[in-house]
Amino acid sequence: MPEPAISAEQYSNLVRERVAALRRLLLDLTRKAPQSAPHRFFSAVRILIDAVERVFSSRCKAIESQPGSKEERATETAFAARWTMELLNNAQAQFFPFLEKLDSPHVPLWMLPAMQRIASQFEPNVELYLFPTSEHNFGFSGFRDLLRAFVQKFELAIPDDLKVEIEERAAKLPQWFVFLSFPYVVHDSALHLTPLLHELGHFADFRLGIYKELLPIDISQSDAARKVVEEICQMRVPMGAPESKIEGAQQPGVEPRVEEILQRDVIEQQVFALCGQIIRNWVHELISDLFAVRMGGPAYFYSFATFAANLRLDARAGASHPSPSMRIDLMLKELSDLHYSSEYSPLQVRSSLESWRRWLETQPLEPEEPPTRVAYWAIKENESKLVEAVRKHTSAFSYGTRAYTEKVKYVVNDLEAGIPPIDRAGDGEAAFDACDLVDILNGAWTTYMFSPEKLESLIECPPPERKLRGVSVLNELVQKAIEASEILRQCHKRSKGGV
Amino acid sequence: MSVLTRAAIRDRIFKTKDLKIKPLLDPESQIEYGAINLTLGTQFILAKKSEYPLIDPRLLDTNEILKFQEKFTLAFGQAVALHPHQFALGATFEFLKLPPNLCAFVLTRSSFGRAGLQIATATYVHPSWRGCLTLELQNLGEVPIKLYCGSPICQLVLVEAQPALEEKPVKSIPVGPVFTDLRNQSYWEQYLDKFTCPGPPEA
């Protein structure tokens, strides 16, 4: 057997060095982390690194004690070391990005308790964190049973005493760690953080398994899918001819068709796999949109439309997300179901939704690119099923016109008077009930869209800057309201004997 | 001019509702005989000492000020330690909106004062003022004090103001601590210029 370039001992040392480096890094990040950082997530990652190291050590001991030649044992040790390094690299790639940005002063701690409360409606044992990113998009990442998942994955390799120890420590950790990311640029804008409701929709989707009621969608009999397969079969394949030949290739029939190179069923498999992945992505996105719009009412719709307009409202559908027009179309239908298009809805909301409907009529909903077209039609054919699945899970807290007309006016009155809408008169003489996050967001968007002038008139500022200053003050008032109303709600709950 | 007592404060908050103090987490304990207890908010500003040459009100640019500050936010219930002689800006958790016929004075609660804490030097609040009050926190004692967000560290004494002032637009509605705005209050500079000694004559 040839001598390996890196000996087993060197491999083992590499593992130990990497474990020590990760521990140092984790310690450094823990020291830097503010009080509000996810300290239990830090603990989970620390336990995981310890566990990986112990699994490796016990494997090394087992290899040492087993019969066989020295070379065979060295090969096995090297294999175990490479396997362990891969685990450690995965742990670093998977978990550390969440730990790096938690000391950012741009984490909107004022929003965290309200978001945590909403997430707890779907899973009581969840810890939720917010962190900024430099990307344009919002994001969701969830870890379920982090340590137990590790044990299940490497069941055979983990010694029994370590399994017991991990189980004991796992019991002290939340079942779910949820990280929601948001673009840095909106960190201080309560209005533009409203799309976080969509990310909570992702959590609800995964936690409640809403997607399972739709997926997988069979597209093997879909006309759109067959058409795509046919189009691909007839496409001509450039054969990499020299430039002079390519010019000549403008003559039809020079290059072979795809179906002459690949079998039709192979093409079908590839197309169905690609379309299936796009459909899965879109189903998750649309479930989260529907969830957010039912939970957040017009506020989510306005925030999404503004978010999309900041990027490109007429953007095409991609593999990860449907087009904004498709999403807006679905949300408008859902708002109609919540009676926002009826006479029960305030006129201004009704008119604004109507103008979005008119805009939609000018937009081509069906995507041009073949795979996204398949996804579009697959979802269209299953739209009623999709909508029903979400409605079933949101019926208890859907934000209909009744809630809107009853509650939002108080929020708007406060904001127009330059006061954060933290509470409103309750039943008793000296009782104030805490406003809800969704009421506040709807009031904020209503003020922002339809009546910003009253708040602006309170501010002493030259006219060109007044508009901008007004939005800034509105955001600050909303921030304060979201933070304080949630604390007030918790105080009331505790005084009534709740937890 | 009279100080509002408990019943009058309750009337203004809960009946006439022209005095806004939001949120009142525990009105029964917070509204005392002649004052209302306010709690510490979650936002703070500390000075970055190493980058702090000096505050010269006549040279300080508003944007320049930001370089000397370290702003941070805690979650409600978390604490910041204020070391002996350390100075920090905080704000009340409660948002106030005084009616045009009330002014107020903000005072350190005696229990915190005896521990060495001073919460405000500029204690007067104008009629019609709105916002979260900036607190000038200073530990005058010899040992560090842990200040919890949500602890009732100051009290507001409300006083009737006659005649009521007309409400005017405001420059800002602060919901957290606000650093010094000396440069923007430069009306006194023109006055001061008259007394400034001239420099040496140019060659």
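Numbers below:
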| item | result |
| --- | --- |
| Single residue of region A:45-75 satisfying the filter (closer than 30 Å to A:GLU100 by Cα and either small (Gly, Ala, Ser) or within 14 Å of another protein chain (Cβ to nearest Cβ) (or both)) that is surrounded by the fewest Cβ atoms within 10 Å (Cβ to Cβ) | A:SER57 |
| Among residues of region A:289-330, those that are outside any loop (DSSP other than H, G, I, E, B) and under 26 Å from A:GLU406 (Cα atoms), counted | 19 |
| Selection from region A:331-345 of residues that are surrounded by fewer than 18 Cβ atoms within 10 Å (Cβ to Cβ) and either part of a loop (DSSP other than H, G, I, E, B) or of a type in the set (A, V, I, L, M) (or both) | A:HIS339, A:SER342, A:GLU343, A:TYR344 |
| Any hit, region A:415-432, residues being surrounded by 23 or more Cβ atoms within 10 Å (Cβ to Cβ), within 14 Å of B:LYS20 (Cα to Cα) and more than 10 Å from chain B (Cβ to nearest Cβ) | yes |
| Some residue of region A:333-345 being within 14 Å of chain B (Cβ to nearest Cβ), small (Gly, Ala, Ser) and over 29 Å from the mean Cα position of the chain (by Cα) | no |
| Residues located in region B:100-150, provided they are touching a residue at least 60 places away in the same chain (Cβ under 8 Å), in a loop (DSSP other than H, G, I, E, B), away from chain A (no Cβ under 12 Å) and more than 21 Å from B:ALA47 (Cβ to Cβ) | B:PRO100, B:ASN101, B:ARG109 |
| Test result for B:PHE95, within 14 Å of chain A (Cβ to nearest Cβ) and at pLDDT 95 or above | yes |
| Residue satisfying condition, being at pLDDT below 95 and more than 9 Å from every other protein chain (Cβ to nearest Cβ), within set A:VAL438, A:VAL412, A:VAL499 | A:VAL499 |
| A:ALA403 vs. criteria away from chain B (no Cβ under 13 Å), aliphatic (A, V, I, L, M) and either under 24 Å from B:LEU98 (Cβ atoms) or not in a loop (DSSP other than H, G, I, E, B) (or both) | yes |
| Options A:SER36, A:SER104; residue that is assigned to a loop (DSSP other than H, G, I, E, B), hydroxyl-bearing (Ser, Thr, Tyr) and either away from every other protein chain (no Cβ under 14 Å) or touching a Pro at 6+ places or on another chain (Cβ under 8 Å) (or both) | A:SER104 |
| Residues of region B:76-99 satisfying the condition of being part of a strand (DSSP E or B) and of a type in the set (A, V, I, L, M, F, W, C) | B:ALA79, B:VAL80, B:ALA81, B:LEU82, B:PHE87, B:ALA88, B:LEU89, B:ALA91, B:PHE95, B:LEU96 |
| Top-ranked residue in region A:450-466 [being more than 10 Å from chain B (Cβ to nearest Cβ) and part of a loop (DSSP other than H, G, I, E, B); ranked as nearest to the chain's Cα centre (by Cα)] | A:SER451 |
| In region A:353-378, the residues that are free of Cβ contacts under 8 Å to residues at least 40 places away in the same chain and either acidic (Asp, Glu) or not in a helix (DSSP H, G or I) (or both) | A:GLU354, A:GLU361, A:THR362, A:PRO364, A:GLU366 |
| Matching residues in region A:45-76 - criterion: being over 23 Å from A:LEU147 (Cα atoms), of a type in the set (Ser, Thr, Tyr) and touching a residue at least 40 places away in the same chain (Cβ under 8 Å) | A:THR75 |
| Residue match in region A:467-474 (condition: surrounded by fewer than 16 Cβ atoms within 10 Å (Cβ to Cβ), more than 9 Å from chain B (Cβ to nearest Cβ) and not in a helix (DSSP H, G or I)) | no |
| Count - residues of region A:164-183 that are assigned to a helix (DSSP H, G or I) and in contact with a helix residue (DSSP H, G or I) (Cβ under 6 Å, 6 or more places away or on another chain) | 3 |
| Any chance A:PRO174 is surrounded by fewer than 22 Cβ atoms within 10 Å (Cβ to Cβ), farther than 17 Å from A:LEU441 by Cα, in contact with an Asp or Glu (Cβ under 6 Å, 6 or more places away or on another chain) and in contact (Cβ under 8 Å) with a residue 40 or more places away in the chain | yes |
| Within region A:22-44, considering residues that are free of Cβ contacts under 8 Å to residues at least 60 places away in the same chain and under 26 Å from A:ARG148 (Cβ atoms), the one surrounded by the most Cβ atoms within 10 Å (Cβ to Cβ) | A:PHE42 |
| Subset tally (residues that are under 13 Å from B:ILE173 (Cβ atoms) and within 8 Å of another protein chain (Cβ to nearest Cβ)) for region A:475-489 | 4 |
| Index of the failed condition, A:GLY443 passing every other in (1) crowded, with 19+ Cβ neighbours inside 10 Å; (2) within 14 Å of chain B (Cβ to nearest Cβ); (3) small (Gly, Ala, Ser) | (2) |
| A:GLU255 being part of a helix (DSSP H, G or I) and either modelled with pLDDT of 85 or more or out of contact with any Asp or Glu (no Cβ under 6 Å at 6 or more places or on another chain) (or both) | no |
| The listed residue being buried (at least 17 other Cβ atoms within 10 Å of the Cβ), assigned to a helix (DSSP H, G or I) and either away from every other protein chain (no Cβ under 12 Å) or free of Cβ contacts under 8 Å to residues at least 40 places away in the same chain (or both), out of A:HIS393, A:HIS492 | A:HIS393 |
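Residue-by-condition table, conditions (1) part of a helix (DSSP H, G or I); (2) over 30 Å from A:SER303 (Cα atoms); (3) modelled with pLDDT under 85:
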position: A:VAL185; (1), (2), (3): yes, no, no
position: A:GLY201; (1), (2), (3): yes, no, no
position: A:ALA204; (1), (2), (3): yes, no, no
position: A:SER220; (1), (2), (3): no, yes, yes
position: A:ARG226; (1), (2), (3): yes, yes, no
position: A:GLU230; (1), (2), (3): yes, yes, no
position: A:SER244; (1), (2), (3): yes, yes, yes
position: A:GLU259; (1), (2), (3): yes, yes, yes
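The values are calculated or read from the model by the stated rules, or taken from the named source; none is laboratory data. Values in this document were obtained by computation on a predicted structure and should not be read as measured data. Don't worry about glycine lacking a Cβ; one is built from the backbone with ideal geometry, like all the others, and counts go over all protein chains shown.
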